[in-house]
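Engineer: Could you have a look at this structure, given as structure tokens, before my questions?
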Amino acid sequence: MTLTLYLHPLASFCHKVLIALYEAGTPFQPQMVDLGDPAEHARYLDLWPVGKIPMLHDSEGDRTLPETSIIIEYLDRHYPGSHPLIPRDDALALEARLWDRFFDLYVQVPMQKIVTDALRASGENDRRGVADAQAALANAYELAERHFKDRLFAVGENFSIADCAAAPALFYAGIVAPFDGTHPSLAAYFERLLERPSFQRTLAEARPYFPLFPYKDAIPARFL
């Protein structure tokens, strides 16, 4: 197997790359990483000193790639599926990269702030940081609601890297800060993402790990 993806099945940023791989039908070897295990964490730091997952290793040329957007762009160039995840049109490619960054930075990051705070020991919580994250999510929902009033996917009619980013971001954000009753266009877009077999497969693989999620009691029954 040429490609090895270092991941954890519960991690939202790992989901982003898994969706891209499943969309393309690209074979790979998953390598689960438990960053909570000190010895395993130390071994992983030898591979990627920043210590974050996912990371892709391509034995062809011995290339190691961190960062989800870089990984997906690399896959799209060297292991493409039947349709590109980075549009071939330059203007559309820029728009896809923009909305990829939007969902990563303005949905995933504040969502993770809220989740991480819930995992902290009593007395170590960051109330102001969580409030700021909730406000950031509210603002992102408003922007996305306007964007998806007349769009099938993030960039026109075709599934792209931006939708790979949106699916896990909205799945977890919708649990900690629900949008289905307040943002109908965004909610309808999320339902379209849920129809993708790539996303369904990713969620099915994550399901056994849902009990580790601090907001597990808020996960909608249809995902359990």
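The values are calculated or read from the model by the stated rules, or taken from the named source; none is laboratory data. Just so we're clear, the structure is a prediction, and the values are computed from it rather than from any experiment. For neighbour counting, all protein chains shown are included, and Cβ atoms are generated from backbone atoms with ideal geometry for every residue, glycine included. The area values use the complete protein model at the heavy-atom level, side chains included, leaving out ligands, DNA and RNA. Shrake-Rupley method; radii C 1.70, N 1.55, O 1.52, S 1.80 Å.
Engineer: Residue-wise, which Karplus ³J(HN,Hα) couplings in Hz belong to the stretch 143-152, taking 6.51 cos²θ - 1.76 cosθ + 1.60, θ = phi - 60°, and x for glycine or proline?
Structural biologist: 5, 5, 4, 5, 5, 9, 5, 9, 10, 6
Engineer: Pop a pseudo-label 7 angstrom from the Cα along the beta-carbon direction at both ASP89 and ALA131 and give the gap in nm to one decimal.
Structural biologist: Distance between label points: 4.5 nm.
Engineer: Build a GNM of the chain with springs between Cα atoms under 10 Å: which of GLU40, GLU73, GLU23 gets the top mean-square fluctuation?
Structural biologist: GLU40
Engineer: Grab the Cα-Cα distance for SER59 and SER82, subtract it from 0.36 nm times how many residues apart they are, and report the gain in nm with one decimal.
Structural biologist: 6.0 nm
Engineer: Pull out a ≥ b ≥ c, the square roots of the eigenvalues of the alpha-carbon gyration tensor of the stretch 1-105, then state rounded if a/c is under 1.5, prolate if not and a/b is larger than b/c, and oblate in the remaining case.
Structural biologist: prolate
Engineer: Dipole of the stretch 134-224, Cα-centred, from +1 at each Lys and Arg C-beta and -1 at each Asp and Glu C-beta, to the nearest 20 debye?
Structural biologist: 160
Engineer: Which lysines have a Cα less than 27 Å from the Cα of LYS113, not counting those fewer than 8 places away in the same chain?
Structural biologist: LYS16, LYS52, LYS216
Engineer: Still on this structure, please answer the following. Take the alpha carbon gyration tensor of the chain, find the square roots of its eigenvalues, order them as a ≥ b ≥ c, and report rounded if a/c is under 1.5; if not, report prolate when a/b exceeds b/c, else oblate.
Structural biologist: Note, shape of the chain comes out oblate.
Engineer: Dipole of the chain, Cα-centred, from +1 at each Lys and Arg C-beta and -1 at each Asp and Glu C-beta, to the nearest 20 debye?
Structural biologist: My answer is approximately 380 debye.
Engineer: Please work out the Cα convex hull volume for the stretch 44-87 and give it in Å³ per residue.
Structural biologist: 70
Engineer: Using alpha carbons only, how many angstrom separate the centre of the stretch 40-81 from the centre of the stretch 148-209?
Structural biologist: Here the answer is 24 Å between Cα centres.
Engineer: Another question, if that's okay. Tally Lys and Arg at +1 and Asp and Glu at -1 over the other residues with C-beta under 15 Å from the C-beta of ARG127: what net charge comes out?
Structural biologist: Here the charged neighbours net out to -1.
Engineer: Classify the stretch 1-41 from the C-alpha gyration tensor, please: rounded if a/c falls under 1.5, else prolate or oblate depending on whether a/b exceeds b/c.
Structural biologist: oblate
Engineer: Carbon and sulfur together cover what percent of the accessible area of the chain at a 1.4 Å probe radius?
Structural biologist: Carbon and sulfur atoms account for 54 percent of the accessible area of the chain.
Engineer: Let me ask you something else. Kindly report the accessible area of the stretch 42-99 per residue (heavy atoms of protein chains, probe 1.4 Å, no ligands, DNA or RNA), in Å².
Structural biologist: Heavy-atom SASA per residue in the stretch 42-99 reads 60 Å².
Engineer: So, one more: Taking 8 Å as the Cα distance limit and 6 or more residues as the minimum spacing, I'd like the relative contact order of the stretch 3-156 as a percentage.
Structural biologist: 19
Engineer: With every protein chain present, what is the per residue accessible area of the stretch 141-221 (1.4 Å probe, Å²)?
Structural biologist: 44
Engineer: Next question, about the same structure. Ignoring everything but the protein chains, give the 1.4 Å probe accessible area of THR116 in square angstrom, nearest 10.
Structural biologist: Counting only protein heavy atoms, THR116 exposes about 70 Å² to solvent.
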